[in-house]
Amino acid sequence: MANEKKTEQEIIEEMQQVVEQMRLDDIEEDPSSAEECFDCDCCGQTKPFAGSIDYNGYRLCNDCVLLAETGFALGKIKDTNDLINFIEDKNLERLCDFIKQEEKREAN
Ligand SMILES: [Zn+2]
């Protein structure tokens, strides 16, 4: 308990909970948000509004919000402008690989 510096794995797990909670809160506030869909500006897939966030006009689905928020939390993304560069360059996918690797490490 004494160590204050969280490991990347702990940060990722924390963000997974935070982002999942956003989704649940959205559904609680407006149950139709779980059904209504939009095209995510990041992954391009059709995803429900619940848990999505608008970053400077780019609406990201809950899965991509997780990547974005984890990127922020880990200091891999500086700010919203930086995030949009990531989205436009499709670099968020690379970030995604990083997070998946962390998850894999956890499973082992
Ligand atoms: Zn997405």
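Every read-out reported here was derived from the displayed coordinates using simple, explicitly stated rules and does not represent laboratory data. Keep in mind it's a predicted model, so treat the numbers as computed, not measured. Methodologically, a virtual Cβ is constructed for each residue, glycine included, from the backbone with ideal geometry; neighbour enumeration extends over all protein chains shown.
Bridgeable aspartates and glutamates around residue 76 (alpha carbons under 15 Å apart, same-chain partners fewer than 8 residues away excluded): 8, 89, 93, 97, 102.
The label point for residue 46 and the one for residue 21, both projected 7 Å from the Cα toward the Cβ, are 3.2 nm apart. With the simple model of a label 7 Å out from the Cα in the direction of the Cβ, residue 80 to residue 10 spans 3.0 nm. Give me the percent relative contact order of region 8-103, please, defined on Cα pairs under 8 angstrom at least 6 residues apart. Taking the mean separation of contacting Cα pairs over the length of region 8-103, I get 25 percent.
Looking at region 8-103, I'd like the Rg to Rh ratio, where Rg is from alpha-carbon atoms and Rh is Kirkwood's inverse mean 1/r.
Numbers: Rg = 12.8 Å, Rh = 13.4 Å.
Radius of gyration relative to Kirkwood radius: 0.96.
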